[in-house]
Amino acid sequence: MTSAQLSTLGKASRESKFWNQYTETMPRDKIDALHLHRLQGLVHYVYERSPFYRKKFDSIGLKPEDIRTLEDYKRKVPLSDKSEFIDLQLADPPYGPTLALPLEFVAHHAETSGTSGKPLSLPFSMYDTVRYGESWVYGFWGLGIRPSDSFYFAFGWGNFAGFWSAYWGARRLGCRVISGGGLDTKGHINAIMRLRPTVLISTPTFALRMATVAAEMGVDLASSSVKYTYHAGEPGPTALPAMREAIEKAWGAKAGELLGVAEVDAMAPGCPNGDGVHLNEMNCFAWSMDPDTGAEVADGQIGENIVTGFASTTQPLLNYRTHDLVRRRSGCSCGRTWTKFEGTVLGRTDFMVTVRGTNVYQTAVENLIGQLPEISNSYELVLTREEDNDVMTVRFEPVKALADRRDAWDDIAKRLSDRIHAALHVRLRTVSVPPESLPRYELKTKRIIDERPKGFRRALDR
Ligand SMILES: [Zn+2]
């Protein structure tokens, strides 16, 4: 091939919408055949190598060769859950009998963020980190990020897995990487203005927090070098259109998002056309389950995402309960054949509330809050139990400019309540608190405050 031909080819691949067009547009029957092949390999692998899975399979008389179809896999392989792994790890630290590879193969130790108590230890081999990182690359590429871009990580580099894997992805893409470790919010802003990265990695809430602080410092982030922002860790730009608008306006950038489950994979990069994320079907197999009955739910219905990871070969997770509620769709205007989770994560099984017979999903409420410009980005959804019913109260802050306008706060509360009622057909209590009074978070923002008595919280009580 001549150098002119090579250069044309290079340009064509840079301009492609896909990081890997072959895998991202693979027909469904081929994807399913590949899943079955990989799942059969995986059940053999864990049965032979992981004491945890061998015991689990033996206890129900399951043999790897019993898995002949995808239906077999979904029905016969037992569900697994975070709490099982945590208990075993605590009894025999650091990983208990959950490893499928010798300890010396562990190249990276990470942990879940542990907002609900004890963290889960996550061992990754070098192979796992490369594959896990690639999930991010699919998302980065779809948004328009290329090897010539440079990444700024507004992240403390603790043990939390989330953005370590984004770093593996940035390395895989061959980009310049800049660490924001150890800096406070102002320090991040100064570093961005000085070092001129083109991509920001942070939680979506923290991107907005940085924008607020920058405005106070007299810095205009919209005219900074940042062209793309990419997020994970909590519902962001693809789940919450109002949030995307706010981030894109504040940063003068395109905002993207990925749905990850730290212990499994950065499993679902955002669709470039918005309104959802695509399951990376090269790294994961997933199906949706009714959390109450355990039955599979059809595409288009809301169910719990049950996932199996092909990128976590060190501590494999088979039919793993994510507790995320998703709505699966096949086919998408962007051309990807990978299953789409419309609206990203709609809520959590542990936080799903039924208010007077209506299921209320967290992101649905969040979207409505985001539509009122008088409300700040910090708010809480408080769950309580009153007279045998779940009750959700929205605790919100008016923006700082309304600090001295107490009279306006009640009006905002009423309009928010009306808007929720019109859209979701339930009346939620809406309560204002003074501007800047709710806590700010650099990592996962805690938006759900569950004050229901134990026994009324779904899933966690099982
Ligand atoms: Zn799409």
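Between the residues 102, 402, 5, the greatest Cα displacement towards the positive end of the dipole of the chain, with unit charges on the Cβ of Lys, Arg, Asp and Glu, is found for 5. In straight-distance terms, cross-link reach from residue 56 covers every one of the aspartates and glutamates whose alpha-carbon lies under 17 Å from its own, apart from those fewer than eight places away in the same chain; here that gives 48, 65, 66, 72, 81, 84, 87.
For each pair in 227/340; 17/340; 74/340; 249/414, compute the distance between the two Cα atoms and list the pairs where it is over 24 Å.
Numbers: 227/340 26 Å; 17/340 17 Å; 74/340 19 Å; 249/414 27 Å.
From the list (227/340; 17/340; 74/340; 249/414), the Cα-Cα distance tops 24 Å for 227/340; 249/414.
For the peptides 19-31, 362-374, residues were scored by their other Cβ atoms within 10 Å and the scores averaged per peptide; the highest-first order is 362-374, 19-31. The overall shape of region 238-289, judged from the alpha-carbon gyration tensor, is prolate: a/c is not under 1.5, and a/b is greater than b/c. With a sphere of radius 11 Å drawn around the Cβ of residue 96, what net charge do the other residues whose Cβ falls strictly inside it have (Lys, Arg +1; Asp, Glu -1)? Summing Lys and Arg as +1 and Asp and Glu as -1 gives -3. Estimated purely from DSSP H runs of n ≥ 4, each contributing -39500 (n - 2.57), the mean residue ellipticity at 222 nm for the chain is -10500 deg cm²/dmol once divided by its residues.
Taken about its Cα centre, region 199-283 carries a charge dipole of about 280 debye when Lys and Arg each add +1 at the Cβ and Asp and Glu each add -1 at the Cβ.
Annotation for region 58-136 versus region 201-218: alpha-carbon center distance of 35 Å. Computed packing ranks the peptides 377-388, 243-254 as 243-254, 377-388, most packed first, by mean other Cβ atoms within 10 Å.
All of the numbers you see were taken from the coordinates with simple rules; none came from a lab. Here the structure is a predicted model, which is why all the values come from computation and not from measurement. For neighbour counting, all protein chains shown are included, and Cβ atoms are generated from backbone atoms with ideal geometry for every residue, glycine included.
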